[in-house]
Structures are given as structure tokens and as C-alpha cells.
1. So, residue 104, is that one in contact with a Phe, Trp or Tyr (Cβ under 7 Å, 6 or more places away or on another chain), open to solvent by 20 Å² or more (accessible area, probe 1.4 Å) and either in a loop (DSSP other than H, G, I, E, B) or of a type in the set (A, V, I, L, M) (or both) or not?
2. Going by what's in this entry, would residue 242 be described as among the acidic types (Asp, Glu), exposed (fewer than 14 other Cβ atoms within 10 Å of the Cβ), without any contact (Cβ under 8 Å) to a residue 40 or more places away in the chain and under 26 Å from residue 124 (Cα atoms)?
3. Given (1) surrounded by 15 or more Cβ atoms within 10 Å (Cβ to Cβ); (2) over 20 Å from residue 240 (Cβ atoms); (3) of a type in the set (S, T, N, Q), where does residue 114 come up short, assuming only one miss?
4. Please work out if residue 158 is of a type outside the set (Phe, Trp, Tyr) and at pLDDT 95 or above.
5. All but one of (1) at pLDDT 95 or above; (2) exposed (fewer than 12 other Cβ atoms within 10 Å of the Cβ); (3) among the polar types (S, T, N, Q) hold for residue 216, so report the exception by its number.
6. With respect to residue 210, determine if the residue is over 21 Å from residue 138 (Cβ atoms), within 21 Å of the chain's Cα centre (by Cα) and open to solvent by less than 60 Å² (accessible area, probe 1.4 Å).
7. Out of 123, 78, 101, 86, report the one residue that is in contact with a helix residue (DSSP H, G or I) (Cβ under 7 Å, 6 or more places away or on another chain) and of a type in the set (Lys, Arg).
8. Residues in the stretch 40-73 that are surrounded by fewer than 14 Cβ atoms within 10 Å (Cβ to Cβ), farther than 22 Å from residue 108 by Cβ and either at pLDDT 85 or above or not polar (S, T, N, Q) (or both): how many?
Amino acid sequence: PKPEEIRIFLSKKNVSDFMWEIGKIIYGFIRPIIPPNFQFTTDNFIAIKEGFAPTASEKNQIEFLVELYSRLSQIEDKIDKELIKKEEFQLYIQRFLDAIKHEQYEGKKIAFKNILINIATGKTKNNFEIEYLISNLMNFSDLHFMILSYFNRPEQTLIDCKIDMQSLKHSSGGENDILKKVFKDIDSELINVASKELYEKKFISVQIPFGGGLHSANDYERLTQDYLTSLGKKLINFCLDEN
């Protein structure tokens, strides 16, 4: 975060009373991982960012919390203000903080933040559903999440990997070679096992490598079909910030 963003984060005159209270809640999570001589003030928080050298895990946590607060402040009018003050929301934050300590996959870190946004705005209200989706996501490896992300936007993923889309429309049987480019440097057996696990849990409707059916389909059709199940789509939507 830029110094000015941090000033907004900890300066009551620049934010509403509600966001000031949320700022104190967020700061409460940061407080245990910074030196004891630092207090809840703008100048000292800037000093933390500019002069205090946290560990990699602490840096992940601090950045996650500041980005969460920044996003909440942008959509304050959409927040369920009673819900966000409840202990259960703070427990969700703590749960993700514990998981994010050593998280390196950027997509999953963004998903954790977006889930908190969606809970805060009441997009997903059923606690049983929230718990089920969070539990699955927490148990998924980065590879599971990468596979889900590919199936969510298959064509764009292929384009990002610089795959020639026109040539795919005139070829067949080469999808496994294409997937090696999508999941670069990842052992194909691991991809097969992870996709099987997602398939068995009903998040996707196909396993990698693709097998059976679609014999007449070209590589483009096989690689860009909608393979997310309704459950898979629900999980993906839970991880997206649509505000």
C-alpha cells in the first residue's frame, strides 16, 4: 500500500466512524505481529511499512489485511454493517490469516480476500453454505485452484498462454500437449490426480486427461467447453469480487 492509503487506513478524519471502527478491528490482527513499541497511529503504521522488516509470512498477512480494509472502504455502502461487527466475521478473517502465512499462489490470496468481501456484503448468507465452500477451498492445493481457474475461463487462459486459437479449431487429439503449456512445469500425473479429486467431489464434470466422448470435436471445442458443475460455479462465484 502507498503511504497515502495507509494514512486513510489509520486517520479518523479521512474515513467514516464505521470504517474507523473496522480499521481498529483490522489493526487488532496486525498488532500481534509488529514490535510492541508501535502504537495505533498513522505515523507509526507508516514506519512499520517503511522501516519494519517482517518475515515473509508476516508480510503476507499485513498486506492481506490492508488490502481487505482498502476494498471494504471502497464499498462501504454495500456492507452489512451489523454482520461485519460480529465475532463470526472476525473468526473468518483469523482463519484466512492462518492459511495465508505461507501462501504463494496469488490467485488463492485474492480469493480469500474476495470471500470476506462477499460475506461482508451479504452476497452469500447461508452459514452452512459458507462453511462448506470455505472448508473445501482451504483443503484444496494451489494446483486444485489453478485447475478450477482454468475451467472457469478456459479460452482466456489459453490466450494468456499464447496458444494459437485458430490452429486449435483445425486440429484434434492434441489437447494434452496444450494442457502441458497451460500447467507449465507441473507433472502431468499430479494434474491428473488433482483433476480426479475435483471430479469426484463434483466441482468439475471431466477429468484430465480428457477421455471418451467428443470424438468428433476439435481441440478448441474440447479445451474450451464449460466443464464446471453448478457446485464448481458456486465456488468460483464465491471467490470473485463482483462489487
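1. no
2. no
3. So the condition that residue 114 fails would be (2).
4. Criteria met by residue 158.
5. Tallying (1) at pLDDT 95 or above; (2) exposed (fewer than 12 other Cβ atoms within 10 Å of the Cβ); (3) among the polar types (S, T, N, Q), residue 216 fails exactly one: (1).
6. no
7. 101
8. 5
The values are calculated or read from the model by the stated rules, or taken from the named source; none is laboratory data. Predicted model only: the values in this text are computed from it and were never measured. For neighbour counting, all protein chains shown are included, and Cβ atoms are generated from backbone atoms with ideal geometry for every residue, glycine included. Each accessible area value is taken on the protein alone, full model and side chains, heavy atoms only, with ligands, DNA and RNA left out. Shrake-Rupley method; radii C 1.70, N 1.55, O 1.52, S 1.80 Å.
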